[in-house]
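What follows is a single structure, written as structure tokens, with notes after it.
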Amino acid sequence: MSTPMINIAGLGKSFSGHRILHSIDLQVQPSQVVVIIGPSGSGKSTLLRCCNGLEVAEEGSIAICHQDLLVDGKMIPDAALNHLRTQVGMVFQSFNLFPHLSVLDNVTVGPRKILGTSKEAAETTARSLLAKVGLSTKAEAMPATLSGGQKQRVAIARALAMQPKVMLFDEPTSALDPELVGEVLQVMKTLATEGMTMIVVTHEMGFAREVADVVVVMDQGRIVEAGKPDQIFVNPTQERTRSFLQAVLSRNGTATQQAA
């Protein structure tokens with residue numbers, strides 16, 4: 001097996017004396033899609049934020065894109081961290097677009113300011129990425145005129161404009177109206193088929209089952225179990241996984257019936 005694109009070992013994190021992550025071990029291979037599921041408050045988003053230095057764990061190590069990020073609980077220097085972040089794209093629950101910039105400018109600002117890409121080259125790449133996410137006609141639009149789903153697709157295009165080796169998604173559809181979820185998930189499915197290495201924190205069980213190479217189940221700051229989607233969804237080994245999936249799938253089924 002090749003060297004992992006993400007290698008997390010013994011990761012521990014606390015907030016105000018409260019333990020959030022307990023000795024997390026996780027490896028993500030190149031072009032692999034790892035989907036993390038579990039109840040709210042289980043540490044999923046904290047784990048993801050530790051992968052690009054937005055949160056600093058007190059224990060353990062993280063290597064990402066074949067570079068150390070955290071060693072024995074100590075973060076690498078700021079200059080090295082900033083360089084590494086150019087290789088790790090992240091999409092959040094909220095869209096975080098610059099409201100005073102057009103869609104095109106939102107996508108080009110990172111490459112121009114951080115990578116030193118020329119305006120012409122940045123705009124050529126940005127228009128290609130906007131076409132990729134189905135928004136080629138919105139290049140000159142302002143964020144306030146877009147739907148939530150469109151804003152999130154712009155956020156994905158903006159992250160891709162930095163030409164990352166890894167993409168991290170922190171519940172990217174949780175702030176969207178239900179009818180807009182599918183358009184964002186479709187973009188993420190396309191990225192997966194193209195071989196992008198991804199970690200996705202989500203409550204979308206259908207996406208996890210269809211797209212993931214590995215599904216990781218977290219609860220109370222620990223990895224309960226991990227495996228291929230069929231194993232996790234059809235034959236989980238842990239009672240906590242079974243009870244979580246039963247609750248989530250039952251709730252989703254009820255919502256579908258009510259919508260009908």
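The values are calculated or read from the model by the stated rules, or taken from the named source; none is laboratory data. Remember, it's a predicted structure, so these values are computed and weren't measured experimentally. Heads up, the Cβs are rebuilt from the backbone with ideal geometry, glycines too, and the neighbour counts pull from every protein chain shown. In case anyone asks, the SASA skips ligands and DNA or RNA and just uses the protein heavy atoms, side chains included. Shrake-Rupley method; radii C 1.70, N 1.55, O 1.52, S 1.80 Å.
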**Prompt:** What number of residues in region 205-235 are among the hydrophobic types (A, V, I, L, M, F, W, C), surrounded by fewer than 21 Cβ atoms within 10 Å (Cβ to Cβ) and touching a Ser or Thr at 6+ places or on another chain (Cβ under 6 Å)?
**Reply:** 1
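Rundown of residues vs (1) within 15 Å of the chain's Cα centre (by Cα); (2) part of a strand (DSSP E or B); (3) at pLDDT 95 or above, yes/no style:
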| position | (1), (2), (3) |
| --- | --- |
| Val200 | yes, yes, yes |
| Arg209 | no, no, no |
| Val216 | yes, yes, yes |
| Ile223 | no, yes, yes |
| Ala226 | no, yes, yes |
**Request:** Scan region 119-134 and report the pairs whose first residue is open to solvent by 40 Å² or more (accessible area, probe 1.4 Å) and whose second residue is in a helix (DSSP H, G or I), with Cβ atoms within less than 6 Å and a gap of 6+ or a chain change.
**Result:** Glu123/Thr108
**Asked** Has region 166-176 got at least one residue that is at pLDDT below 95, out of contact with any His (no Cβ under 9 Å at 6 or more places or on another chain) and in a helix (DSSP H, G or I)?
**Response** no
**Asked** Does region 103-118 hold any residues that are open to solvent by less than 60 Å² (accessible area, probe 1.4 Å), part of a helix (DSSP H, G or I) and closer than 21 Å to His83 by Cα, and which are they?
**Response** Asn106, Val107, Thr108, Val109, Gly110, Pro111
**Request:** Taking Gln186 as the residue in question, decide whether it is polar (S, T, N, Q) and over 24 Å from Leu129 (Cα atoms).
**Result:** no
**Request:** Taking the options Asn82, Asn96, name whichever one is farther than 23 Å from Lys189 by Cα and open to solvent by 60 Å² or more (accessible area, probe 1.4 Å).
**Result:** Asn82
